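Reviewing the structure listed below.
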Amino acid sequence: MWWAIPLTLVAFYGARQLAIKLKQPLLNPLLISLFIIIPVLLLTHTSYDSYFAGSSLLNDLLQPAVVALAFPLYEQLHQIRARWKSIITICLVGSLVAMITGTAAALLLGASPEIAASVLPKSVTTPIAMATAESIHGIPAISAICVMFVGIFGAVFGHPILNMLKIKTPSARGLAIGSTAHALGTARCAEEDYQEGAYSSLALVICGIITSLAAPFVFPVLVKLFA
């Protein structure tokens, strides 16, 4: 499928230019791109597998792009060293709240333990979420969908909510969004403020580690309490 990459690039950069020009939170480039690409695939009767195979080069570039997030983190290393206790505490609380609220809500609404396990890692990046869901007998594909939904929500509404709450400190804003909206939220933070993006990158990494380690212990407790 030769036109997968051109379609993706045109859709994303067109949506990005629209977002920059209008400056509306709802006009998130990823969200707008989905509304462009999905109808095109449906109209051309193109399967997702064919589209994914055709755009595999872009997918491969995601790995070095994620690694590149470490550069602003390195530049803020002196501040991170001075605040590491607060940062670890914030990320721990954020990870636990994300796991508990999503899983508890799913169980209280009648979801099976398998579905609830899939929802639990919704606030970490996709590879970690899928591996974590599998380790607690969830469905990785559902986890991936939850991660995308939470990421888009955080990228679109995260900053308006923080502005409404009058939270202006870049480190606080970055840690809040990075611990809840993973890579998509971090990308949005990097656009807003360099320091904010660095702290969001840090929260993304720490919360991913905490969630993957704590999930096998937290999930059985939540099932007993809310199932």
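Numbers for the structure displayed
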| quantity | calculated |
| --- | --- |
| Close pairs (8 angstrom Cβ cut-off, 6 or more residues apart or separate chains): in the same structural domain as Ser50 (by TED's automatic domain parsing) in the stretch 17-38, assigned to a loop (DSSP other than H, G, I, E, B) anywhere | Leu18/Leu27; Ala19/Leu27; Ala19/Asn28 |
| Among (1) touching a residue at least 12 places away in the same chain (Cβ under 8 Å); (2) part of a helix (DSSP H, G or I), the one test that Ile145 misses | (1) |
| Some residue of the stretch 41-54 being farther than 18 Å from Gly185 by Cα and either assigned by TED's automatic domain parsing to the domain that holds Val147 or in contact with a Phe, Trp or Tyr (Cβ under 8 Å, 6 or more places away or on another chain) (or both) | yes |
| Set Val124, Val119, Val93: member being under 15 Å from the mean Cα position of the chain (by Cα), β-branched (Val, Ile, Thr) and within 19 Å of Leu175 (Cα to Cα) | Val124 |
| Any hit, the stretch 59-66, residues being of a type outside the set (A, V, I, L, M), surrounded by 13 or more Cβ atoms within 10 Å (Cβ to Cβ) and not assigned by TED's automatic domain parsing to the domain that holds Ala183 | no |
| Matching residues, the stretch 76-124, being in a helix (DSSP H, G or I), more than 15 Å from Cys146 (Cα to Cα) and free of Cβ contacts under 8 Å to residues at least 60 places away in the same chain | Leu77, His78, Arg81, Ala82, Trp84, Lys85, Ser86, Thr89, Val93, Val97 |
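The values are calculated or read from the model by the stated rules, or taken from the named source; none is laboratory data. This one's a predicted model, so the numbers in the text were calculated from it and none came from an experiment. So basically every Cβ, Gly included, is an ideal-geometry build from the backbone, and we count neighbours across all protein chains shown.
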